[in-house]
Amino acid sequence: MRVEVRVGAESAELRSLYRWLRADEELRSARISLSGTGAAPGEMGSALDVIEVLLDNTWSAASLAVAVMAWRQTRPGPGRATLRVGQTEIEISGADEEQVRRLVALCAQVDDGQDPAAATGAGEDASA
C-alpha cells in the first residue's frame with residue numbers, strides 16, 4: 001500500500017523526516033523514497049515535496065504514524081504532516097492516538113480492497 005507524506009514547504013523539513021523514517025527500525029520493511037513534482041516552466045529539475053512510503057501491511061501504517069508523530073515532537077515549531085492514502089488525507093498535528101487509529105483504519109480498508117474515499121467522501125480531509 002502506498003502512503004504519501006507531506007510536511008510544510010521547507011525541503012529541509014522533508015529531508016529531515018525522510019532520514020528519520022529511514023532510520024526507524026519499525027519501518028525497515030517499508031520502501032521509503034523522496035519524490036517530487038515536475039519542474040515548472042523556466043525552472044531546472046523538480047522540487048522534492050513528498051515522501052512515498054510503500055507498506056507491507058496495515059500494522060506498518062501504525063508504525064509510520066507513530067514515527068511521524070515522534071519526529072514532529074523533535075521539531076521547534078508546531079508543524080503538521082499530512083499522510084495520504086488514495087484520495088483520503090489524514091493530518092498529523094499532535095500526539096493524538098486517534099490520528100494513529102484513523103490511519104490504521106484507512107489502511108485496513110485499502111488492504112480489504114475497499115475504496116476509502118467512498119467511505120469518507122472523495123478527497124475529504126479525515127482529520128479532526
- Query: Given (1) farther than 18 Å from GLY8 by Cβ; (2) modelled with pLDDT under 70, where does GLN109 come up short, assuming only one miss?
  - Reply: (2)
- Note on the structure: Taking the range 79-104 and keeping only residues that are open to solvent by 50 Å² or more (accessible area, probe 1.4 Å) and touching a residue at least 40 places away in the same chain (Cβ under 8 Å), one is left with ARG80, ARG84
- May I ask you to list the residues in the range 64-78 that are outside any helix (DSSP H, G or I) and either open to solvent by 40 Å² or more (accessible area, probe 1.4 Å) or modelled with pLDDT of 85 or more (or both)? THR74, ARG75, PRO76, PRO78
- Message: If I filter the range 5-27 down to residues being charged (D, E, K, R) and either more than 11 Å from LEU64 (Cα to Cα) or assigned to a helix (DSSP H, G or I) (or both), which single residue comes out as nearest to the chain's Cα centre (by Cα)?
- Response: ARG6
- Select from the range 20-56 the residues that are surrounded by 12 or more Cβ atoms within 10 Å (Cβ to Cβ) and either at pLDDT below 80 or of a type in the set (Lys, Arg) (or both) and list them in ascending order. ARG22, GLY36, SER46, ALA47, LEU48
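The values are calculated or read from the model by the stated rules, or taken from the named source; none is laboratory data. Because the structure is predicted, anything quoted here is derived from the model rather than measured. No Cβ is skipped: glycine too gets one built from the backbone with ideal geometry, and neighbour counts run over all protein chains shown. Surface areas here come from the heavy atoms of the whole protein model, side chains and all, with no ligands, DNA or RNA. Shrake-Rupley method; radii C 1.70, N 1.55, O 1.52, S 1.80 Å.
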